[in-house]
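All remarks here apply to the structure that follows.
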Amino acid sequence: MIKKTIGAWFEKRFDVKAIQEPLEYQLRKPLPGHISWFHTLGSMSLFLFASQIVTGILLLIYYRPTADEAFESVKFIMTKPYMGWLFRQIHAWGANLMILIVFLHMLRTFITGSFKKPRELTWMIGVGLFILTLIFGFTGYLLPWNQLAYWATTVGTEIAGAVPLIGEPMKLFMRGGPVVGGETLSRFFVIHVIILPWLVFFLVAVHLFLVRFQGMSTMDPVDKEKPVKKGEGIPFFPHHIVKEGVVFFFVLGVLITLSIMLPFELGEKADPLKTPDGIKPEWYFMSMYQVIKYFPKLVGIFVVGLAPMLLLIWPFMDKSSQRVPSKRPVSMLVGVLTILSLLIFGILGTLSETKQTFFGKTYDFDIYGVPHLINNSPVKANIEHH
Amino acid sequence: MRIFFLIAFFIGYPLSLGFAQDVSKNYCISCHDDQWQDLKNSIHGKQGITCEKCHGGDSTQKDKELAKAPSTGYVGVPDKNQIVQICGTCHSNVEAMNFYGIRTDQLARYKTSMHGKKLFNDNDKNVPVCSDCHGYHDVVDVTDPTSPVYPLNVPKTCNRCHGNEKLMKPYGIQMDMFAKYKDSVHGKALFEKKDIGVATCVSCHGSHGALPPGVKQVADACGKCHMNEKDNFLKSPHAKLIDQGNFPQCVACHSNHGIQPVAVTLYDQACVKCHQPQTVAFKEGQKIKGLLSKAQQDLQTTQQIVKQASIDGLFVEEETAILEEAKTKVFEMGPMQHTLSYTNVAELAKQVDTKTKDVQNTIHEKRQSLQMRKIALWPLWIFIIIMMTVLCIRYKQLSSNHDKKH
């Protein structure tokens, strides 16, 4: 009765059928038969983005973006408002999970060859979204204004400053002064809560439009794709939506569990006069940070800068028409090597400048991540000293 | 022009008092160069005060006979009485000393001191005079760390005589004061921590007016620094004994030169000196001791709890602030116990108890809240697993129906 009344109310004012039909079409449009659980990663990225927006808005109620108040306001959020701690932890863990899931989504797209013609633009927008997600992480990391955040931002902006020609003005633009300070915080805050969310929102909208408009990629070779006929494949609704619901509940559980079991500590307030030992970036920048160490400054930045560029133009470099991984051995080798290098350099970066004990022996890892056995014998140590 | 007048005033004023002398015409130096070396770097030498101011004579005369002629007021090496008088000539002159901001009652005070009385009344030449403590030609400012009367050096300076058995024996004065002081809470603060604000000999006995504090003045001497303790002591039942003149006040419990850091065990050691363990007074003391012990123990335990909570990642700023208040109350109990009033001490103890319990409860609640968060994961995961299972079953049904259809 109510449904009918509301329907009638709209029909008198709008051409509802004209809107309903394409929506219905999109909803019932079948997906290719090979669609797996990994095809839910895109939706999960979207879910995490929405979660970040909601928790971000809640954090904004109490957050104060000034050097004097930022740290205290985050501490306030974590101790006073109802469930403030949970929103902050979900926001922090959500950022990390979002980067991981966006990366896995890209990896799935890479493996299934979905980035190939005619979906090059969708891939490029996806790469842009991944880069923006990383910038989200970088700008958000400074906002609690604690020691780790302050010094990681100092190192990060210093690296950006080493880029030839544009580096120095870019560093000054990011910092708002010669050093990281209140101006930097204001800038990062504006980028994090205004510019990036809207930019990501519009890019996601275009990305989704393209995915729906061009349809999900099949495993057929390029230019030989057969459209999925009605009755074939898997209906988007309700079949795929139900599948996404399963993954949604799982990701939600993981997100809340991580927030409770492994909460991010706030640490000490930023002190520009006290440099902590072993400043390192977050895990998602660790491999890049480590790679830079092995090369002269400019070469290192060039190498690191090359990766996103290659990622962006990859659809134009991988010219083979095949999408099935077994028929693209070179691409798969490049993919495996990339993943391995990310893991190896990430581990080396984590171990560098630390002391670790393995099998009862203590090793001192230098800045390159090379272990040096620490000689515990006082006699030998004395000889070495002399 | 104004600067000129200012310079002229500051240079000219001391000169006008007749202190400054032209050293190039001082012929004493030609023979007494070693004394001159000491004098020229001293506080007096720097003000242009030279030989004849203390020793008389005419330093401008090249001829020794003429320089030391009786008409010149030549004193030579002054004896102890003369030293006091010579120093006092300038140092009791308000007009002369005003310029330097130095007090002028040293001579008057010295005359009232045990040292001064012995010198002037008994003509006892063993007593110290100005130069024995301050030095002779090489006198430096009392704020100069090399001065024998700089706070850090005072105990050693006094001990030069008071630690000399031969010198002290005729007077029947004990000689272990320095050793006791060195090992005392004051001595350790002075010698180990270099705390020049701590009590030295002169803080209790006075400097120029050095006298041992009489029985009635002990609380006054200690009370110069320990004001709250003194005020509270005067409210105690022991204060009534002061007028009877046979109660050594602070010294009765704390001793004098060898004062040790105070612990509640003092109630067991000191009270029994005068009170039998069965007496009401002793038992009252034990009750106060109980309050102090509990308050200290509670504070220590709570500090440990807060520290551990901080290590475990809890925010404890508010608890730390409350704990500071509790700590202040424990500190207040120190002076307050000198009233020997159970009620007064109990009032503070109650506040310590309330605050420490508050802190402990808050930390406990925070820990419980953390625990509850983890427990809440169980129902959450049960809900999630149910939802996932239901959706999986639905997906299977949909897939099966779809496969059957096509």
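Every read-out reported here was derived from the displayed coordinates using simple, explicitly stated rules and does not represent laboratory data. If you're wondering where the values come from, they're calculated on a predicted model, not measured in any experiment. Here the Cβ positions follow ideal geometry from the backbone for every residue, glycine too, while neighbour counts run over all protein chains shown.
Per 0.36 nm of contour for each residue apart, how much would the distance between residue B:193 and residue B:265 grow if the chain were fully extended, relative to their Cα-Cα spacing?
Values: separation 72, 0.36 × 72 = 25.92 nm, distance 2.55 nm.
Extending this stretch completely gives an extra 23.4 nm.
Taking 8 Å as the Cα distance limit and 6 or more residues as the minimum spacing, I'd like the relative contact order of chain B as a percentage.
The value is 9 percent.
Using Cβ counts within 10 Å as a stand-in for footprinting exposure, how do B:267, B:342 rank, fewest first?
Details: B:267 20, B:342 16.
The most exposed by this proxy come first: B:342, B:267.
Connecting C-alpha atoms closer than 10 Å in a GNM of chain B, tell me which of B:327, B:273, B:111 has the biggest fluctuation.
Comparing B:327, B:273, B:111 in a Gaussian network model of chain B, the most mobile one is B:273.
Averaged over peptide A:241-250, how many Cβ atoms belonging to another chain are found within 10 Å of each residue's Cβ? Don't jump to the answer; show the numbers that get you there.
Values: counts 3, 10, 6, 1, 7, 9, 2, 4, 10, 4.
Partner Cβ neighbours, averaged per residue: 6.
When a footprinting reagent is the concern and you count Cβ atoms within 10 Å, what order do A:38, A:359 take, fewest first? Show your work: numbers first, answer last.
On the way: A:38 15, A:359 4.
Going from least to most buried by this count: A:359, A:38.
Using a 7 Å offset from the Cα along the Cα-to-Cβ direction at both residue B:211 and residue A:271, what is the distance between the two label points in nm, to one decimal?
Label at residue B:211, label at residue A:271, 5.3 nm between them.
Taking the highest mean first, how do the peptides A:83-90, B:166-173, A:137-144 order by number of other beta carbon atoms within 10 angstrom per residue?
On the way: A:83-90: 20.1, B:166-173: 11.0, A:137-144: 22.4.
Highest-to-lowest ranking by the protection proxy: A:137-144, A:83-90, B:166-173.
Fully extended, how many nm does the chain gain between residue B:61 and residue B:220 (0.36 nm per residue separation, minus their Cα-Cα distance)?
Values: separation 159, 0.36 × 159 = 57.24 nm, distance 5.43 nm.
Here the segment from residue B:61 to residue B:220 would lengthen by 51.8 nm.
Taking the Cα centre of segment A:32-352 as origin and charging only Cβ (+1 Lys, Arg; -1 Asp, Glu), how large is the dipole, in debye to the nearest 20?
On the way: 26 positive and 18 negative charges, 191 e Å.
I would put it at about 920 debye.
Karplus couplings for segment A:99-111 from phi (6.51 cos²θ - 1.76 cosθ + 1.60, θ = phi - 60°), rounded to Hz, Gly and Pro as x?
4, 5, 6, 4, 5, 5, 4, 5, 5, 4, 4, 5, 5
Around residue A:146, which amide H atoms from residues at least 5 apart in sequence, or from another chain, sit under 5 Å from its own amide H, with H modelled in the peptide plane?
Here the answer is A:270, since their amide H atoms fall under 5 Å of that of residue A:146.
Of A:106, A:291, A:58, which is farthest on the positive side of the dipole of chain A, counting Cα position, with +1 on Lys and Arg Cβ, -1 on Asp and Glu Cβ, and the Cα centre as origin?
Working it through, the farthest residue towards the positive pole turns out to be A:106.
Given the options A:226, A:75, A:17, which has the most mean-square fluctuation in a GNM of chain A, springs set between C-alpha atoms less than 10 angstrom apart?
With Cα springs under 10 Å in chain A, the top fluctuation among A:226, A:75, A:17 is at A:17.
As I understand it, the dipole of segment B:322-382 uses +1 on the Cβ of Lys and Arg and -1 on the Cβ of Asp and Glu, about the Cα centre. Which of B:346, B:378, B:362 lies farthest toward its positive end?
The residue sitting most towards the positive pole is B:378.
I'd like to compare B:387-397, A:117-127: which one has the highest average count of other Cβ atoms within 10 Å, and what's the full order after that?
A:117-127, B:387-397
Specify the residue with the greatest mean-square fluctuation among A:255, A:48, A:306, computed from a Gaussian network of chain A linking alpha-carbon atoms under 10 Å apart.
Looking only at A:255, A:48, A:306, the biggest GNM fluctuation is shown by A:306.
Between residue A:50 and residue B:390, what FRET efficiency comes out of the Förster formula 1/(1 + (r/R0)^6) with R0 = 25 Å and r the beta carbon distance, rounded to 0.05? Numbers along the way, then the final one.
On the way: r = 23 Å, r/R0 = 0.91.
The value I calculate is 0.65.
What number, in percent, do you get for the relative contact order of segment B:170-328 if the mean sequence gap of Cα pairs under 8 Å and at least 6 apart is divided by its residue count?
Details: 103 pairs, mean separation 28.7, N = 159.
Averaging sequence separation for qualifying contacts and normalising by length gives 18 percent for segment B:170-328.
7 Å from Cα along Cα→Cβ at both residue B:317 and residue B:176: what's the point-to-point distance in nm?
5.4
Using only alpha carbon pairs under 8 Å that are at least six residues apart, calculate the relative contact order of chain A and give it in whole percent.
Details: 403 pairs, mean separation 85.1, N = 386.
Once normalised by length, the contact order is 22 percent.
Could you calculate the FRET efficiency of residue B:126 with residue B:85 from 1/(1 + (r/R0)^6), where r is the beta carbon distance between them and R0 is 30 Å, rounded to 0.05?
Working: r = 18 Å, r/R0 = 0.61.
That gives a FRET efficiency of 0.95.
With only Lys, Arg, Asp and Glu charged, each at its Cβ (+1 for the first two, -1 for the last two), find how big the charge dipole of the protein assembly as shown is about the Cα centre; round to the nearest 20 debye. Provide the component values of the computation, followed by the final result.
On the way: 84 positive and 67 negative charges, 686 e Å.
Charge dipole of the protein assembly as shown: 3300 debye, to the nearest 20.
Excluding residues fewer than 8 places away in the same chain, name every one of the aspartates and glutamates whose C-alpha is closer than 17 Å to that of residue A:230.
Result set, ordered by chain and number: A:21, A:24, B:403.
About its Cα centre, how strong a charge dipole does segment B:213-260 have in debye, to the nearest 20, once Lys and Arg get +1 and Asp and Glu get -1 at the Cβ?
Charge dipole, segment B:213-260, about its Cα centre: 40 debye, nearest 20.
Among the lysines, which fall within straight-line cross-link reach of residue A:3, defined as a Cα-Cα distance under 18 Å, with same-chain neighbours fewer than 8 residues apart omitted?
A:12, A:17
Which pairs break 28 Å Cα to Cα here: B:53/B:80; A:116/B:404; A:226/A:319? Write down the numbers at each step before the final one.
On the way: B:53/B:80 16 Å; A:116/B:404 33 Å; A:226/A:319 20 Å.
Long pairs (Cα-Cα over 28 Å): A:116/B:404.
Starting from the amide H of residue A:362, placed 1.01 Å from N in the peptide plane, find each other amide H under 5 Å away whose residue is 5 or more places distant or on another chain.
Distant-sequence amide H within range of residue A:362: A:374.
By a straight-distance test (C-alpha under 28 Å), which lysines pair with residue A:75 as possible cross-link partners, with residues fewer than eight away in the same chain excluded?
Those lysines meeting the cut-off are A:269, A:274, A:280, B:307, B:327, B:355, B:357, B:366, B:374.
Provide a whole-number value for the mean count of partner chain Cβ atoms within 10 Å of the Cβ atoms in peptide A:75-84.
Values: counts 2, 1, 0, 1, 5, 1, 0, 0, 0, 0.
For this peptide, the per-residue mean of nearby foreign Cβ atoms is 1.
Using +1 at the Cβ of each Lys and Arg and -1 at the Cβ of each Asp and Glu in chain B, identify which of B:270, B:311, B:133 lies farthest towards the dipole's positive end.
B:311
Would you order A:130, B:383 from fewest to most other beta-carbon atoms within 10 Å of each residue's own beta-carbon?
On the way: A:130 19, B:383 13.
Exposure proxy ranking, most exposed first: B:383, A:130.
Which value in nm describes the separation of the simple spin-label points at residue B:372 and residue B:105, placed 7 Å from the Cα toward the beta carbon?
6.7
Would you calculate, for chain A, the mean residue ellipticity at 222 nm contributed by helices, counting each DSSP H stretch of 4 or more residues as -39,500 (n - 2.57) and dividing by all residues, to the nearest 500? Intermediate values should be presented prior to the final figure.
Values: 15 runs with 243 residues, N = 386.
Result for chain A, helices only: -21000 deg cm²/dmol.
Can you tell me how much longer the chain between residue B:328 and residue B:297 gets when fully stretched, taken as 0.36 nm per residue apart minus their C-alpha distance, in nm with one decimal? Intermediate values should be presented prior to the final figure.
Values: separation 31, 0.36 × 31 = 11.16 nm, distance 1.44 nm.
Contour length minus Cα-Cα distance gives 9.7 nm.
Looking only at other chains, what is the average number of their beta-carbon atoms within 10 angstrom of each beta-carbon in B:365-377? Numbers along the way, then the final one.
Numbers: counts 0, 1, 0, 0, 1, 3, 0, 1, 8, 3, 1, 2, 5.
Average neighbour count from other chains, rounded to a whole number: 2.
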